[in-house]
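What follows is a set of notes on a single structure, which appears directly below.
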Amino acid sequence: MTKLSRRKWMQATVGLASGAVISPALVHQLMAAPASEAERNFFLRRQEPVISVRLNSNENPYGPSAAARKAVNEILSEGNRYPFQVVTEMKQTLAAKEGLSPDHIAIGAGSGEMLCASGVAFGIEGGAVLSPYPTFPLMMSYAEVFRARWDKVDLNDKLEVDYTALAARVKDDTRLVFICNPNNPTGTLVDPAIVRAFCEEVSKKVTVFSDEAYLEFLEPSSQVSMVDMVKNDKNIVVSRTFSKIYGLAGLRIGYLVGRPDLIRKISRYQTGFTVSQAAIAAAKASLGDEAFMTMARKKNAEARKILTDYLDKKGFFYGKSHTNFVFIDTRGQAERLMKVLAERGIGIRVWDYAGKQWNRISVGTADEMKLLVKNLEEIV
């Protein structure tokens, strides 16, 4: 098979043209795009194995919460109504939560839609979008579909974002800098004070986009958001989602926090009312459900330790994860592990980075992680 670049693979599979616009099909294709040559070849197979243990999408296996499920059931009677008013009300709720006015908020179908809209908003300006690498690529991939160049800065030897190196790579034509803390796919966390200093300095030159999808997996005392910088009118956009700790990935709702001018710039590339009555009801019920989040954090940490204890025992190098996934150097076995585990009904990911292949394994339930370790022991 001729080797395809990631961008060419997307263009081939979606049929992109120079006049491409945001569409559900394109968003789906970009979100599901492979992160390695091994995945590209695997996804192009005529028949993929049935995956019953999903350790490949960083989903919360314990959600939605009981409160969210109850809210969805109760809102079904409004399923015949467009969500015009409830979207407005949800913006007000989120604005109150973040301590800002509603014009600082944009709501979309998961943070994915908002990342894509941001990619268009800044990508059509040409120039470059800058990010650490590897990181969650959706926004940069979308910017590339339009006119932007993706500038990448490798992580340090601990698989952490190198904010000093990242700041040094800002150029005259850089339009946006993307950061993610904790970072996906590595799960590593950088001291928020370092991130804040970076945002303070770099936002004087260019817009900084801070993806905080996994922030709630940290203990509450360690959850330091960049939203307060928005309150100080900084050139920063913060992305939050209900897909992860809240367990609403299938309902699709997320939001941005930013200066009103930046929110308007990005929102113009959304595709109308993409958030449903059910998603809004579930999200509203999930906000402030500390008992559910505490349970999810505790069980996630326990299940993650099952995997990391095994990795320590076998001497594998991996990023110190603060999230619900682990990024592992499986010593040349990444593609084989993905294929063999898939045949056994267990899904994991493969990433190309630093001249080799890595596995990213999401954290499931304790039973799922025990099953994974049992299979790894047999395969490795």
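The values are calculated or read from the model by the stated rules, or taken from the named source; none is laboratory data. As the structure is a computational prediction, the values presented were derived from the model and not from experiment. So basically every Cβ, Gly included, is an ideal-geometry build from the backbone, and we count neighbours across all protein chains shown. Ligands, DNA and RNA are stripped out before the accessible areas are found, and what is left, the full protein with its side chains, is counted by its heavy atoms. Shrake-Rupley method; radii C 1.70, N 1.55, O 1.52, S 1.80 Å.
So here's what we get for this one:
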{"read-out": "Contact order normalised by residue count of the chain, Cα under 8 Å, 6+ apart, percent", "value": "23"}
{"read-out": "Of Lys231/Lys299; Lys97/Lys152; Lys70/Lys97; Lys70/Lys299, those spanning more than 30 Å from alpha-carbon to alpha-carbon", "value": "Lys231/Lys299; Lys97/Lys152"}
{"read-out": "Residue-normalised accessible area of the chain, expressed per residue, 1.4 Å probe, Å²", "value": "43"}
{"read-out": "Solvent-accessible area, 1.4 Å probe, carbon plus sulfur percent, for the chain", "value": "51"}
{"read-out": "Sequence-distant residues sharing a close amide H with Phe325 (under 5 Å, placed H)", "value": "Val363"}
{"read-out": "Taking segment 278-380 and dividing mean pair separation by its residue count, relative contact order in percent (alpha carbons under 8 Å, at least six apart)", "value": "28"}
{"read-out": "Gap separating the Cα centres of segment 108-130 and segment 343-376, nearest whole Å", "value": "29"}
{"read-out": "Accessible-area ranking of Asp367, Asp228, largest first, probe 1.4 Å", "value": "Asp367, Asp228"}
{"read-out": "For Leu155, distant residues with modelled amide H under 5 Å away", "value": "Tyr133"}
{"read-out": "With DNA, RNA and ligands ignored, accessible area of Tyr246 (1.4 Å probe; Å², nearest 10)", "value": "10"}
{"read-out": "Per-residue HN-Hα couplings for segment 65-80 [Karplus 6.51, -1.76, 1.60; θ = phi - 60°; Hz; x = Gly/Pro]", "value": "5, 4, 5, 5, 5, 4, 5, 5, 4, 6, 8, 4, 5, 9, x, 8"}
{"read-out": "Protection proxy ranking, peptides 263-273, 345-355, average beta carbon neighbours within 10 Å, highest first", "value": "345-355, 263-273"}
{"read-out": "Packing-based order for 135-148, 292-305, using average beta carbon neighbours within 10 Å, highest first", "value": "135-148, 292-305"}
{"read-out": "Sequence-distant residues sharing a close amide H with Gly127 (under 5 Å, placed H)", "value": "Arg149"}
{"read-out": "Phi-based couplings in Hz for segment 225-235 (Karplus 6.51, -1.76, 1.60; Gly and Pro marked x)", "value": "8, 8, 4, 5, 6, 4, 4, 8, 6, 7, 7"}
{"read-out": "From the coordinates shown, Rg and Dmax of the Cα atoms in Å corresponds to which of (1) 19.3, 61; (2) 30.4, 106; (3) 20.1, 56", "value": "(3)"}
{"read-out": "Sum of -39500 (n - 2.57) over DSSP H runs of 4+, divided by residues of the chain (222 nm, nearest 500)", "value": "-12500 deg cm²/dmol"}
{"read-out": "For the chain, share of DSSP beta bridges that run antiparallel, in % to the nearest 5", "value": "50"}
{"read-out": "Accessible-area value, Ser203, 1.4 Å probe, nucleic acids and ligands omitted, Å²", "value": "10"}
{"read-out": "Set of segment 187-205 residues, backbone N closer than 15 Å to the point 7 Å along the Cα-Cβ line of Thr164", "value": "191, 194-195, 197-198"}
{"read-out": "Accessible-area value, Asp103, 1.4 Å probe, nucleic acids and ligands omitted, Å²", "value": "80"}
{"read-out": "³J(HN,Hα), Karplus 6.51/-1.76/1.60, whole Hz, each residue of segment 307-317, x for Gly, Pro", "value": "6, 5, 4, 5, 4, 5, 4, 8, x, 7, 8"}
